[in-house]
There are 2 protein chains.
Amino acid sequence: MGPDPRELEGLLAFALHLAEQSEPAILPHFRAATAVTNKLEVDFDPVTVADTAAETVMRQLIGQRFPDHGIYGEEFGIKEGTSPYTWILDPIDGTRSFIFGSVVWTTLIGLNYEGTPVLGVMNQPYVRETFFGSPAGAFCRRDGADRRLSVRPAKQLSEALVTTTAPSLYKSPQEAAFLERMKATARNIRYDGDAYFYSLVAAGQVDIALDAGLQSYDIAPLVPIIEAAGGIVSTWSREPATHGGNIIAAASKDLYEEALTLLED
Amino acid sequence: MGPDPRELEGLLAFALHLAEQSEPAILPHFRAATAVTNKLEVDFDPVTVADTAAETVMRQLIGQRFPDHGIYGEEFGIKEGTSPYTWILDPIDGTRSFIFGSVVWTTLIGLNYEGTPVLGVMNQPYVRETFFGSPAGAFCRRDGADRRLSVRPAKQLSEALVTTTAPSLYKSPQEAAFLERMKATARNIRYDGDAYFYSLVAAGQVDIALDAGLQSYDIAPLVPIIEAAGGIVSTWSREPATHGGNIIAAASKDLYEEALTLLED
């Protein structure tokens, strides 16, 4: 028993509305002097005024419209709900990109039904494009038009375009070895795209997106986009990606299987 | 004897016109199936249909308007001129970003006067923003408005945001050691931005942009943007950046000097 498709359609429209409403909380702080604090002193994980302001706006809107829904947000944590639905919010994924003034940070909004992602939105308000996915398909909205997304897989890993957020996230020897083998095998690898890269798998541009140590809110909203475009996403040990961890998204089952063989040695 | 300031004003307007006219040659190929060929089999340096089409358009426009000007373009090489002016064209800087579907590729258009960069344009037609610099200042144009750019340097290297295109470009032991010391010293380092990062130094976002092995057309158009915003740019051995090579751009003289001490061991 999944959610009602007509209900999901309305929830997707609401998720797109959330994205739009979060924009005025974010954009004035982009490429402006912002208050940057470090959540962790060891790693560089800045949280900006924009990040907290955007999540506040979205939580308020959800609370008004769906007071029984749960919420799990990067900034303000968990609000338990009484319905099967939980909203997953990452107001600024790629905060490093945001701080550097680059344009590959995004706002992630996902909806889980009994713990399984059923729709997701990735919004980039400065570039002015919105990727979204649900059982009805994956799309990129720009200038008021929706373009349907579909994976376009390379035939094999040696021809694949591979992305990952940062080599420094591959901390264990096994993780580091996996990345090294991937670099040696794939056609090309690119860094520092965060969530953006997963939507580019859906868009048929990237063949494999990899990451180590993701949080649930980093990846759950992207799952419906990737899957509705024909891609596959899971942890490296083939568990659902919903809870984060070490993640692989691939444009085809063949590429996925070939990539995971690099985990063995 | 430099160029006449009023003449430069007209030439800057023409450079912005070139950028605009190149857009229809580029945008239809972005995130579409493109003909990708490898210039070098060893390194991944794809040249797209868009790249050659855009340079063709710009060379034609320059030839019609300024038949005596020289041209040096990434795709079609050198056309000798009889005037002191030479146009420097890199129709798609960051071709890897373009192929991956990311949005940090740019079109670079520079103008040298007797070998010295006097104005430069960096255009990103998908994001719809244009950075440009001349003796009259550095600006970012978006939605018809020009915002003046100014560097905003960190106090010291330990607080600096540093960027570079790819660790793999640091080929010699000296180059690799420099990058390692920079990673260990700076606050944070980010990869895969190509020309975009240099304009972000001008925009006050990035403190230091570094690269190894740049071509003239990768950097000459950015020099007037960086300098007009108050930044400094040269080779690692303090020669003019005009001819490419190993390049450093910094938001202040202090950061520049502190960074270059890391070259010594």
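Annotations for the structure displayed:
- Residues of the range A:61-117 satisfying the condition of being in contact with a strand residue (DSSP E or B) (Cβ under 7 Å, 6 or more places away or on another chain), in a strand (DSSP E or B) and more than 22 Å from A:L27 (Cα to Cα): A:G70, A:I71, A:Y72, A:I78, A:K79, A:Y85, A:T86, A:W87, A:L111, A:N112, A:Y113, A:P117
- Picking from residues in the range B:193-206 that are open to solvent by less than 10 Å² (accessible area, probe 1.4 Å) and either basic (K, R) or touching a helix residue (DSSP H, G or I) at 6+ places or on another chain (Cβ under 7 Å) (or both), the one that is nearest to B:G94 (Cα to Cα) is B:A195.
- Some residue of the range B:187-206 being among the hydrophobic types (A, V, I, L, M, F, W, C), over 16 Å from A:R31 (Cα atoms) and in contact (Cβ under 8 Å) with a residue 12 or more places away in the chain: yes
- Residue match in the range A:246-259 (condition: hydroxyl-bearing (S, T, Y) and touching a helix residue (DSSP H, G or I) at 6+ places or on another chain (Cβ under 9 Å)): no
- First in the range A:242-255 and on the phi > 0 side of the Ramachandran plot, second anywhere and among the aliphatic types (A, V, I, L, M) and open to solvent by 10 Å² or more (accessible area, probe 1.4 Å), Cβ under 8 Å, 6 or more apart: A:G244/A:L214; A:G245/A:L214
- Applying the set (1) more than 10 Å from chain A (Cβ to nearest Cβ); (2) out of contact with any Gly (no Cβ under 9 Å at 6 or more places or on another chain); (3) open to solvent by 20 Å² or more (accessible area, probe 1.4 Å) to B:L179 leaves exactly one unmet item: (3).
- Residues of the range B:67-86 that turn out to be open to solvent by less than 40 Å² (accessible area, probe 1.4 Å) and either more than 30 Å from A:R152 (Cα to Cα) or of a type in the set (F, W, Y) (or both), as a count: 8
- Selected residue (criterion: farthest from B:A186 (Cα to Cα)) from residues of the range B:232-254 that are crowded, with 21+ Cβ neighbours inside 10 Å and in contact with a Gly (Cβ under 8 Å, 6 or more places away or on another chain): B:N246
- At least 3 residues being within 14 Å of chain A (Cβ to nearest Cβ) is the threshold, and among the helices (runs of 4 or more DSSP H) wholly inside the range B:182-258 those reaching it are B:195-202.
- The range A:152-176: number of residues that are open to solvent by less than 30 Å² (accessible area, probe 1.4 Å) and within 9 Å of another protein chain (Cβ to nearest Cβ): 3
Yes/no per residue for (1) surrounded by 22 or more Cβ atoms within 10 Å (Cβ to Cβ); (2) within 16 Å of the chain's Cα centre (by Cα); (3) under 30 Å from B:T261 (Cβ atoms):
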site: B:I88; (1), (2), (3): yes, yes, no
site: B:G94; (1), (2), (3): yes, yes, yes
site: B:S102; (1), (2), (3): yes, no, no
site: B:T107; (1), (2), (3): yes, yes, no
site: B:N123; (1), (2), (3): yes, yes, no
site: B:S150; (1), (2), (3): no, no, yes
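- Residue, most open to solvent (accessible area, probe 1.4 Å), within the range A:125-145, restricted to residues that are farther than 28 Å from A:L255 by Cα and part of a strand (DSSP E or B): A:A145
- Matching residues in the range A:125-140 - criterion: being of a type outside the set (D, E, K, R) and within 16 Å of A:V201 (Cα to Cα): A:T130, A:F131, A:F132, A:G133, A:S134, A:G137, A:A138, A:F139, A:C140
- Test for A:G115: is it open to solvent by 20 Å² or more (accessible area, probe 1.4 Å) and small (G, A, S): yes
- Considering only residues in the range B:87-105 that are out of contact with any Lys or Arg (no Cβ under 9 Å at 6 or more places or on another chain) and without any contact (Cβ under 8 Å) to a residue 60 or more places away in the chain, the one that is farthest from the other protein chains (Cβ to nearest Cβ) turns out to be B:T95.
- Residue match in the range A:209-227 (condition: farther than 29 Å from A:F76 by Cα, among the hydrophobic types (A, V, I, L, M, F, W, C) and touching a strand residue (DSSP E or B) at 6+ places or on another chain (Cβ under 9 Å)): no
The values are calculated or read from the model by the stated rules, or taken from the named source; none is laboratory data. Keep in mind that what you see is a predicted model, and the values were worked out from it rather than measured. Every residue, glycine among them, receives a Cβ derived from its backbone with ideal geometry; neighbour counts consider all protein chains shown. Heads up: the accessible areas ignore ligands, DNA and RNA and are worked out on the full protein's heavy atoms, side chains in. Shrake-Rupley method; radii C 1.70, N 1.55, O 1.52, S 1.80 Å.
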